[in-house]
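All of the numbers you see were taken from the coordinates with simple rules; none came from a lab. All of these numbers come straight from a predicted model, not from anything done at the bench. Reconstructed Cβ throughout: ideal geometry from the backbone, glycine too, with neighbour counts over all protein chains shown.
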Amino acid sequence: MNEQSASRRGKYALIASLASSLLLVIIFAVLSVFVNSSRTVPLYSQVDIIAGTIFVFVLSMIVSASIWPGIIEKRIS
Amino acid sequence: MQTKIKVYGMTCMHCHKRVTDAISAITGVSSVEVDLEDESAEVEFDPDKTDLEEIKQAVIDAGYEVGEEEKACPLPFETEQEACKIIPDEELEETTEAEPGHVEDIVFRVSGMTCASCAQNVEKILKKQAGVVSASVNLPMSKAAISYEPASISRDEMEEAIESIGYHVVHDRTTLDVGGMTCASCAMNVEKVLKRQKGVISASVNVSTAKARVEYNSSLISVEDMIAAIEGIGYSASLPVGREETEDRERKEREEEIRNQRNNLIISALIAVPIMLGSMKEGFPGLLWFVPDFLTNQYLLFLLATIVIIFPGRQFFVGTYRGLKHGVTDMNLLIATGTGAAYVISVAATFLDLGPGYEHLYYDTAVMLITFIVLGRYLEARAKGRTSESIKKLIGLQAKTARIIVGNEEKEVPVEDVEVGDIVFVRPGEKVPVDGVVIEGSSAVDESMITGESIPVEKKKNDEVIGSTLNKSGAMKFRATNVGADTALARIIELVENAQNSKAPIQRIADVVAGHFILVVHVLALLAFFFWYFVGFEAYNVPVNSGLLSPFLFALLISITVLVISCPCAVGLATPAAIMVGTGKGAENGILIKGGEALERTLKVDTIVFDKTGTLTKGEPELTDVISLADVEEDRILAIAAGAEKGSEHPLGEAIVRGAEERNVDIANAEEFKSIAGRGIEASVEDSRILLGTRKLMEDNNIDISAAEKKMEDLEAQGKTAMIAASGDRVIGLVAVADTLKENSKEAVEKIRDMGIEVVMITGDNHRTADAIANSIGIERVLAEVLPEDKAAEILKLQDEGRIVAMVGDGINDAPALTQSDIGIAMGAGTDVAMESAQIVLIKNDLRDVLAAIRLSRLTMSKIKQNLFWAFGYNSIGIPIAAGLFYPFVHTILITPALAAAFMAMSSISVTTNSLLMKRKSIK
């Protein structure tokens, strides 16, 4: 019973972490593209944006994977 | 059969030969290979003819110590290396919310029950509690078995109920060795998982000693369950084995860790030099003209950096992986993210065309990061071993063998085989193997290893000897009174170990910080990245100022620096390192401090209450005056008084008898001895009725004492206890005894007052006597005529005045006062009561040690504060600078990732070194 519950909570936490990280990555990418499109000479190269999204994704996954489990546990209990 | 055993103590080829010869002489041994450097002996032997124990014994007999054979090493390092770091809340076994009506059983061990009515009382109070279905108390076993509804009543509430009627619930305690912990976060996670176990009452985990001290209820959880819980989150756990084996294993582990980190450091440092030169040549070709061109080749740089990442850097990535598998974060993650990012972007730039701005490679950053952090870990591993040296010194004091008398013959046996009651024989120069009482012979014994007192103590018949002390001059026999875990040394070791595992309240700050820091740092790194990527790069003209064309690379460098500089390992080490060194230093000086809390509270003490008898005074009254008030000679008065007191066991009576003997007075024969409590004695000496005692005794017998009053007052004003001697119905004289002050009492009191602490004396003596003694040593406030049972109430009154009170007593009849006080200081470690009721135990009966204990606590607390200041200081100053706070003003990055790694390593080293500096300070 406990194992099932823990596994369910783990799944929710993973989904929430992925979702929030992807959201941040999208914000990052959209902002980058927006900045580039608003200028005649683009500020960010493609490599900047791609590498940046990966880095942002990694950091935000670390942060969200630490935060979400606690929140989900509180909600469920 | 072939085996390899560790042999310690060999220093030269002579030792080598002795060990080789000792083992070779055993029948069945076919070959011996002794390695001096490795401190080992490889032995091939026939198991039918001899065994490992015999081989080990031969080494011991040759005068060396043996460790465990190789194959029996209890903790495989591979396992520890692979141990995971922490576990998220959702994976922890959780105490489920109890359903109403659900009944559970629990058993409490209850102390203080002496009779059937006690058992009934406990049963009754339990049954009265809502939610308790049934309660049954087993008096002989001192256990209360309870069925209860967890939904209605908690375990704590039941414990409170039992304690509310004066009994005490005793918790089981154990200490587990925990492997695989590398930082404060690890310790927190082990603590967390233990506390979540049903039946665990408290858990305290110390990353420095790799031990978890757990208080639990054995009816709910077993030690095996706790070990399984710890192992379940990726650490290794085991019950401590024998002290020597533990010591041996710890030494091996520490040596292994130091060796690993040293190898890592050598590899990374050797590779860092060409990488740094190669990378810097691009920037300063004129300056670095001597650097060969091939070192600037990016493929060579990639190869060299990869070697560093794979070998010395692997530990960070493996640690991160294990942690992330359980959804946890620790310092490995910070380092792995930093070095990983620098390495990955450099690899991409080496093999892919990433366009303008990506020509520069950051292999040097990744390699220097790893080099500095490995340097930090290497130095930390070396320093950490030294913080626990004191306990190892204590363990090393234990004698290995004892010579006992069996049927008039001496027999040498391992010290573990000595039993209480055995007659032990010690020769000059030998260690006293166990505690005991001398029955024959006399000698000077060096007790400095236990008491810190450098002058040998004379021991004669009926004197106590302490195990592990050194018999200096004469041979003696003594009867063993405490053996094994009950010896004074074993108890001291246990006490110091527990103290070193304890936490000071100030550590709460460190725990809170360490627990959330890594998360906060990642958020900061993310924010810094966003800021410098979207705003700062253009706003502060980074391409012009720093020559970096890529916003991502600049933001990444800032982000990596923030991650690396923020490592909280120094915060985690700040308090335990200082407590370990402080309590260890105390133990070396005969001052046993029971933990961090005691250290912290001692610092705040503003009032010290000294019990008079046995603390300020020697505790043994001496005959001081005999005054004749009639036509009876003084010697005759003393002879009569001593005769009357001969049967007395009262200390005052014993002092009179001793005084008469010392003065060679013929003690009169007394009959019909009768003791009158609190007043004196009555006896018949040579057909005369003799009374000896207080004014009250005389008044009760209608004896006029007016002739004695003046002299008596004078004696009392000098702090002496005067007793009136009456023969028939007339006063014949006065006999006075006094408990003389210890030589160091006055000096200690003066120095304590100089520290700004008020000194108070508490005694059962009358005001006049008490004032006289207090005046002679400079104590202004006296609590006189206080009965032993009222001492605790007097301490409470002082506390009600807002004072933080320390009570110094002998720990036997002062136990309630010691417990009531904020800090109980027990003089003399001989009694269990003393050890139990006080937070500080002074092994010697020297009041100056009170002063030393205060100095030690001040020193340790100041070290803790300095350490926390350094640890937090590095991070609080480093993080904003690393995040580029000053870039707008100085137009350059002040701290590079490599420099951040150096700072981080420095923070851990400075904290540990600062703690070790305490060893040099004098507390006496």
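Values for this structure:
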| read-out | value |
| --- | --- |
| Assigned charges on the beta-carbon of Lys, Arg, Asp, Glu; region B:172-240 dipole about Cα centre (debye) | 220 debye |
| Mean projected area (nm²) of the alpha-carbon convex hull when region B:249-394 is viewed from all directions | 11.4 nm² |
| Relative contact order of chain B, pairs being alpha-carbon contacts under 8 Å that are 6 or more residues apart, as % | 10 percent |
| Calculated from backbone phi, Karplus (6.51, -1.76, 1.60) coupling profile of region B:185-191 in Hz, x at Gly/Pro | 5, 4, 4, 4, 6, 5, 4 |
| Sum of side-chain charges, B:ILE757 neighbourhood, beta-carbon under 13 Å (Lys, Arg +1; Asp, Glu -1) | +1 |
| Segment B:ILE676-B:LYS921, length gained on full extension (0.36 nm per residue, minus Cα span) | 82.8 nm |
| C-alpha center-to-center spacing [region B:733-780, region B:284-324] in angstrom | 72 Å |
| P(r) of region B:419-482 over all Cα-Cα pairs, binned every 5 Å from zero, in whole percent | 4, 23, 35, 26, 11, 2 |
| Degrees between helix B:116-128 axis and first principal axis of chain B (Cα, 0 to 90, nearest 10) | 40 degrees |
| Angstrom value of the Kirkwood radius, inverse mean 1/r, which spans all Cα pairs in region B:574-686 | 18.1 Å |
| Amide H contacts of B:SER218 (H built 1.01 Å from N, under 5 Å, at least 5 apart or other chain) | B:ASP172 |
| Mean-position separation - Cα centroids, region B:877-891 and region B:447-489, in angstrom | 63 Å |
| Residue mean of other protein chain beta carbons inside 10 Å, B:520-533 | 4 |
| Within-12-Å neighbourhood charge of B:LYS472 [Cβ basis; K, R +1; D, E -1] | -1 |
| Amide H contacts of B:GLY467 (H built 1.01 Å from N, under 5 Å, at least 5 apart or other chain) | B:ASP435, B:GLY436, B:ALA488, B:LEU489 |
| Stokes-Einstein D for region B:841-920, Kirkwood Rh over Cα pairs, 20 °C, 1.002 mPa s (µm²/s) | 140 µm²/s |
| Distance (nanometres) between label positions extended 7 Å along Cα→Cβ at B:ALA475 and B:MET755 | 4.6 nm |
| Spacing of the two label points (7 Å from each Cα toward its C-beta) at A:ALA29 and B:ILE439, in nm | 8.8 nm |
| Region B:788-824 and region B:252-282: distance between their alpha carbon centers, rounded to Å | 57 Å |
| Segment B:LEU352-B:ALA793, length gained on full extension (0.36 nm per residue, minus Cα span) | 150.7 nm |
| Prolate/oblate/rounded label for region A:3-76 (Cα gyration tensor, a/c 1.5) | prolate |
| Prolate/oblate/rounded call for the protein assembly as shown, Cα gyration tensor, a/c under 1.5 rounded | prolate |
| Sequence ranges B:730-739, B:690-699, ranked by mean other-Cβ count within 10 angstrom, highest first | B:730-739, B:690-699 |
| Rounded, prolate or oblate (a/c below 1.5 giving rounded, otherwise prolate when a/b exceeds b/c) for chain B by Cα gyration tensor | prolate |
| Whole-number percent relative contact order across region B:569-656, with pairs defined as alpha carbons under 8 Å at least 6 apart | 18 percent |
| Karplus-derived 3J(HN,Hα), 6.51/-1.76/1.60, for each residue of region B:591-605, Hz, glycine and proline x | 10, 9, 9, 7, x, x, 5, 4, 4, 5, 6, 4, 4, 8, 4 |
| FRET efficiency, 1/(1 + (r/R0)^6) with R0 56 Å, evaluated for A:ILE67 and B:ASN744 via beta carbons | 0.40 |
| Modelled label reach - A:ASN36, point 7 Å along Cα→Cβ, region B:513-555 residues with backbone N closer than 15 Å | B:534, B:550-553 |
| Distant-in-sequence amide H partners of B:ALA402 (H built 1.01 Å from N, under 5 Å) | B:VAL413, B:VAL415 |
| Value in Å of the Kirkwood radius, where region B:744-894 supplies the Cα pairs that are averaged | 18.2 Å |
| Between helix B:897-916 and chain B: long-axis angle, C-alpha atoms, 0 to 90°, nearest 10 | 10 degrees |
| Helix-only CD estimate at 222 nm, as mean residue ellipticity for the protein assembly as shown, using -39500 (n - 2.57) per DSSP H run (n ≥ 4) | -16000 deg cm²/dmol |
| Neighbour net charge for B:LEU270 - beta-carbon separation under 15 angstrom, K R +1, D E -1 | 0 |
| FRET efficiency for B:GLU458 and B:SER154, using Cβ-Cβ distance with R0 set to 60 Å, rounded to 0.05 | 0.60 |
| Helix B:155-164 vs. chain B, principal-axis angle (Cα, 0 to 90°, nearest 10) | 20 degrees |
| Burial order of peptide ranges B:706-714, B:896-904, B:681-689 (average beta-carbon count within 10 Å, highest first) | B:896-904, B:681-689, B:706-714 |
| Within 10 Å of each Cβ in B:689-696, the average number of Cβ atoms from other chains | 0 |
| Cleavage-rule hits (GluC sites (Glu not before Pro)) in region B:27-57: DSSP loop, at most 10 neighbouring Cβ within 10 angstrom | B:GLU37 |
| Distance in nm between pseudo-label sites at B:GLU699 and B:ASN545 (7 Å out along the Cβ direction from Cα) | 9.1 nm |
